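For reference, the structure is listed below as structure tokens.
The values are calculated or read from the model by the stated rules, or taken from the named source; none is laboratory data. Owing to the predicted nature of the structure, the values given are computational and were not obtained by experimental measurement. With ideal geometry, Cβ positions are generated from the backbone for all residues, glycine too; neighbour counts draw on all protein chains shown. To get the accessible areas, we keep the full protein, side chains included, count just its heavy atoms, and leave off ligands, DNA and RNA. Shrake-Rupley method; radii C 1.70, N 1.55, O 1.52, S 1.80 Å.
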Amino acid sequence: MAELKYLSGYPPPLIAQAVELIAQGRLGPSLARRYPELHEVRTDRALYDYVGELKTRHLRNAGVLSRVVFDNQLHVAAQALGTHTRVSRVQGNRLKAKREIRVASLFREAPAAFLRMIVVHELAHLKEPAHDKAFYALCTHMLADYHQLEFDTRLWLTARELEACRSG
């Protein structure tokens with residue numbers, strides 16, 4: 001069986017359950033039944049609006065986002081599903097800060113809940129740069145079932161990768 005890289009760090013009993021679903025060929029179908037709702041966010045502009053709406057609802061005082069895009073290279077190049085970057089430049093006697101969120105383009109086809117989870121994750125980095133207790137508290141403030149959705153997103157990524165291996 002292929003390495004379950006998206007599930008590393010989770011307790012062995014959870015991984016064992018995932019392995020059992022994979023062995024039975026039920027991982028993908030069970031996730032599809034659990035998360036049937038797809039989203040309508042297909043363009044960078046729609047993603048910018050979607051992220052802006054969540055930011056306005058939960059993080060009004062956070063810095064302005066200059067760019068939000070789907071990134072075709074993100075998943076392959078950085079082994080990341082989304083990134084948040086800050087770029088500071090001196091312009092005259094002012095310091096200009098630009099913030100950017102990039103979401104892996106594979107989330108265009110993801111269930112709506114998984115896109116929301118990755119966006120919440122990247123938005124939390126506006127306030128909390130490290131993956132610490134405060135960061136995850138902010139994530140669960142914005143999305144109550146954040147931890148379950150993060151795990152299920154990892155299962156979905158695993159199912160996609162296994163399907164691609166079988167097809168290709």
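Search the structure for amide H atoms under 5 Å from the amide H of D71, placed 1.01 Å from N in the peptide plane, and list their residues when 5 or more places away or on another chain.
For D71, whose amide H was placed from the backbone, the distant partners under 5 Å are V103, A104, S105.
Considering only protein heavy atoms, what per residue accessible area in square angstrom results for the chain with a 1.4 angstrom probe?
58 Å²
HN-Hα J couplings of region 133-149 from phi, Karplus 6.51/-1.76/1.60, θ = phi - 60°, integer Hz, Gly and Pro as x?
4, 5, 4, 5, 5, 5, 4, 6, 5, 7, 8, 3, 9, 3, 5, 5, 5
Lys and Arg at +1, Asp and Glu at -1: add these up for the other residues within a Cβ distance under 13 Å of S30 and post the number.
+1
Counting only pairs 8 or more residues apart or on different chains, how many lysine pairs in the chain have their Cα atoms under 18 Å apart?
Lysine pairs satisfying the spacing and distance rule in the chain number 4.
Spelling out what I want: for every residue of region 159-164, take phi, set θ = phi - 60°, compute 6.51 cos²θ - 1.76 cosθ + 1.60 (Karplus), and round to whole Hz; glycine and proline get x.
Each residue of region 159-164 in turn: 4, 4, 5, 5, 5, 5 Hz.
Just for the chain, what percent of DSSP beta bridges are antiparallel, to the closest 5?
Expressed as a percentage, antiparallel bridges in the chain total about 70.
For a quick check: with amide H placed at 1.01 Å from N, whose amide H comes under 5 Å from L143's, ignoring anything fewer than 5 positions away on the same chain?
Amide H to amide H, under 5 Å and 5 or more residues apart or across chains, L143 pairs with nothing.
Over region 7-70, with every protein chain in place, what whole percent of the accessible area is carbon and sulfur at 1.4 Å, could you tell me?
Answer for region 7-70: carbon and sulfur cover 54 percent of the accessible area.
Using θ = phi - 60° and the Karplus curve 6.51 cos²θ - 1.76 cosθ + 1.60, what whole-Hz ³J(HN,Hα) does each residue of region 32-47 get, with Gly and Pro shown as x?
5, 5, 6, 10, x, 7, 8, 9, 9, 7, 10, 10, 4, 5, 5, 5
Using +1 on the beta carbon of Lys and Arg, -1 on that of Asp and Glu, and nothing else charged, what's the dipole of the chain about the Cα centre, debye to 20?
740 debye
For H39, what residues show an amide H to amide H distance below 5 Å, using hydrogens built from the backbone and excluding near sequence neighbours?
A112
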